[in-house]
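Structure first, commentary second.
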Amino acid sequence: MDAGIIPLMTQFRGTDILSRLFQWLQHVVDYQDAFHYLEGRNFPVNECHSHDRCLPSAMLNEEGRLIVDAVDFCNANLGCFQSCLRTLYDEECGTLSPGKDYASDDDVTLSASMLLSQLRSYLDTKKKSNTLELDSFLQSDLSKIWSSHQFQGEINGKWGDYGYIERNGSREVFIRLGNIYDVVTPTGKLSTFLLRRSEGCDWKPAVDYFWPQGGARHVFELKNSQERVEEIAAVRTLPDDFEYHEFFWDCAEDIACEHDLHVHDVILFEESFHYAGAIIYDVMRDSEDAFEDATLPPQVTELPALIYFHQLPLLPSGEVTVPWGYWSLDPEPTPGPWPIFELPGLELTCRLRSNYARLSAFEGEILVYLNRLRRGQNRWHATPPPAADGRGHLEELH
């Protein structure tokens, strides 16, 4: 390791929560400033990005400032530093990190700089102030400190449930404690949208989508298409960030305290992705011999021009059927059962993926600490509050 270069987590060991908050804000500002600098010079950054061990070169210089190899910015986005710190801090604290996450990638440079400036004024003995207003922070994108993770396997729960996960090796068991609307006032109805991904391309922006009461037909072209849709996803999710914000900032501590959990153990079942895809493998595309070994409907002798995914209507309870539809060569819906068939050179998928939102160990500490200040009428007292223990509320300020 080069002289004067130290691991990022060294700065977060053995320090009080105030110092960690200060360091976090400074690194967020430095990272996003560097990101914008490279973006302005046409560096290949990427807005659409899921985080998985982002910024492996992230270190500190001898002055304690963040340094990152420019190569790590390739295909990165504005949320990569928060994801990097989230993973490292979970591992440092012995918390099982869920791995890949889908977190906020908003531009928070201004709000982080404003809170950082207030902290500096407080810590500067020449300009010492005994107050810190938190309203601007809580109303900014910087307060979206939760991240999304994928459940591993099928979960016995439904959208909007909250609870915690018990793990037995790679097996996850979701323990339900309640539903978000037991503790949060709804701001809107269930949000549903549709995603499409063309062959060889990224997902296109989501469009609003109302789940048809009588079902729907999705047509997939298999031949002679300039931009062939390869996969779709119907997504059911929380309506907006206000519900996330109220749940985590106003309710998660109480839930953790009631059930003797750490705040970072509380999770929210936030969204379900219902996928259907028709993926062509070019190596098989023109092979007639491959049809001999495939499981085909009687009338099929070659790869058809069109194939249909029939989306099933919702159950009377409003829940989605499992599976959520079926593949067919018939353009019209047919009564079940619907046999699974194979076409050579073509993979037909119908799958479900569910996500949950959580706080990391670091973000849980930040939330508990700042909530302590909120309960003190948003004022920063001359004697900083004690460190959070990560379980429920701290004692009230006096």
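The values are calculated or read from the model by the stated rules, or taken from the named source; none is laboratory data. Keep in mind the model is a prediction, meaning the values are calculated, not measured. Using ideal geometry, Cβ is built from the backbone for each residue, glycine included, and neighbour counts are taken over all protein chains shown. With ligands, DNA and RNA removed, areas are computed over all heavy atoms of the protein, side chains included. Shrake-Rupley method; radii C 1.70, N 1.55, O 1.52, S 1.80 Å.
Sort out for me the helices (runs of 4 or more DSSP H) sitting completely within segment 8-123 that have 3 or more residues that are of a type in the set (S, T, N, Q), modelled with pLDDT under 90 and under 23 Å from the mean Cα position of the chain (by Cα).
Of the helices (runs of 4 or more DSSP H) lying wholly inside segment 8-123, those with at least 3 residues that are of a type in the set (S, T, N, Q), modelled with pLDDT under 90 and under 23 Å from the mean Cα position of the chain (by Cα) span 80-92.
Yes or no: segment 327-342 includes at least one residue that is modelled with pLDDT of 90 or more, under 28 Å from Phe174 (Cβ atoms) and surrounded by fewer than 18 Cβ atoms within 10 Å (Cβ to Cβ).
Checked against the condition, which is being modelled with pLDDT of 90 or more, under 28 Å from Phe174 (Cβ atoms) and surrounded by fewer than 18 Cβ atoms within 10 Å (Cβ to Cβ), segment 327-342 yields no hits at all.
Within segment 25-32, does at least one residue satisfy the condition of being without any contact (Cβ under 8 Å) to a residue 12 or more places away in the chain and either touching a Gly at 6+ places or on another chain (Cβ under 9 Å) or not polar (S, T, N, Q) (or both)? Quick ask: steps written out before the conclusion?
Going residue by residue through segment 25-32, those that are without any contact (Cβ under 8 Å) to a residue 12 or more places away in the chain are none.
Among the residues of segment 25-32, not one is without any contact (Cβ under 8 Å) to a residue 12 or more places away in the chain and either touching a Gly at 6+ places or on another chain (Cβ under 9 Å) or not polar (S, T, N, Q) (or both), which makes the answer no.
Hey, among the residues in segment 198-229 that are of a type in the set (Gly, Ala, Ser) and open to solvent by 60 Å² or more (accessible area, probe 1.4 Å), which one's nearest to Ser317 (Cα to Cα)?
Per the criteria, the residue is Gly214.
Of the conditions (1) open to solvent by 20 Å² or more (accessible area, probe 1.4 Å); (2) in contact with a strand residue (DSSP E or B) (Cβ under 6 Å, 6 or more places away or on another chain); (3) not polar (S, T, N, Q), Tyr181 satisfies every one except a single condition; which number is it?
Unmet condition: (2).
Taking segment 48-78 as the search range and keeping residues that are of a type outside the set (A, V, I, L, M, F, W, C), touching a Ser or Thr at 6+ places or on another chain (Cβ under 6 Å) and open to solvent by less than 70 Å² (accessible area, probe 1.4 Å), which one is farthest from Asp141 (Cα to Cα)? Break it down stepwise before answering.
If we filter segment 48-78 for residues that are of a type outside the set (A, V, I, L, M, F, W, C), which is where we start, we get 49-53, 56-57, 61-65, 69, 72, 75, 77.
Going one step further and asking which of them are touching a Ser or Thr at 6+ places or on another chain (Cβ under 6 Å), we end up with 51, 69, 72.
The next check asks that each one be open to solvent by less than 70 Å² (accessible area, probe 1.4 Å); those that pass are 51, 72.
Working: His51: 18, Asp72: 24 Å.
Among those residues, the one meeting the criterion is Asp72.
For segment 208-248, name all the residues that are closer than 22 Å to Thr321 by Cα and without any contact (Cβ under 8 Å) to a residue 24 or more places away in the chain.
Matches in segment 208-248: Asp208, Phe210.
Anything in segment 241-274 that is open to solvent by 30 Å² or more (accessible area, probe 1.4 Å) and part of a loop (DSSP other than H, G, I, E, B)? List them, or say none.
Correct list: His259, Asp260, His262.
Can you name every residue in segment 310-329 that is over 14 Å from Arg351 (Cα atoms) and assigned to a strand (DSSP E or B)?
The answer is Ser328, and nothing else.
Looking at segment 166-223, which of its residues are part of a strand (DSSP E or B), polar (S, T, N, Q) and within 27 Å of Asn156 (Cα to Cα)?
Within segment 166-223, Asn168, Asn179, Ser191, Thr192 meet the criteria.
Show the residue pairs that are 6+ apart or on different chains and have beta-carbon atoms under 7 Å apart, the first residue being within segment 166-186 and acidic (Asp, Glu), the second being in a strand (DSSP E or B).
Glu166/Val173; Glu166/Ile175; Glu172/Ile165
Specify the residue that is surrounded by the fewest Cβ atoms within 10 Å (Cβ to Cβ); the eligible residues are those in segment 153-178 that are modelled with pLDDT of 85 or more and hydrophobic (A, V, I, L, M, F, W, C).
Val173
With the checklist (1) loosely packed, with under 15 Cβ neighbours inside 10 Å; (2) at pLDDT 90 or above; (3) under 21 Å from Leu312 (Cβ atoms) in hand, flag the one item Ala233 doesn't pass.
Ala233 satisfies all of (1) loosely packed, with under 15 Cβ neighbours inside 10 Å; (2) at pLDDT 90 or above; (3) under 21 Å from Leu312 (Cβ atoms) except (1).
Check segment 237-251 and report whether any residue there is under 24 Å from Ser143 (Cα atoms), of a type outside the set (A, V, I, L, M) and in contact with a helix residue (DSSP H, G or I) (Cβ under 6 Å, 6 or more places away or on another chain). First the steps, then the outcome.
First pass over segment 237-251, keeping only residues under 24 Å from Ser143 (Cα atoms): 237-251.
Imposing the further condition that a residue be of a type outside the set (A, V, I, L, M) reduces the set to 237, 239-251.
Now narrow it down to the ones that are in contact with a helix residue (DSSP H, G or I) (Cβ under 6 Å, 6 or more places away or on another chain): 247, 251.
Yes, the conditions are met somewhere in segment 237-251.
Give the residues of segment 330-367 that are within 16 Å of His262 (Cα to Cα) and either part of a helix (DSSP H, G or I) or hydroxyl-bearing (Ser, Thr, Tyr) (or both), sorted by residue number.
Within segment 330-367, Ser360, Ala361, Phe362, Glu363, Gly364, Glu365, Ile366, Leu367 meet the criteria.
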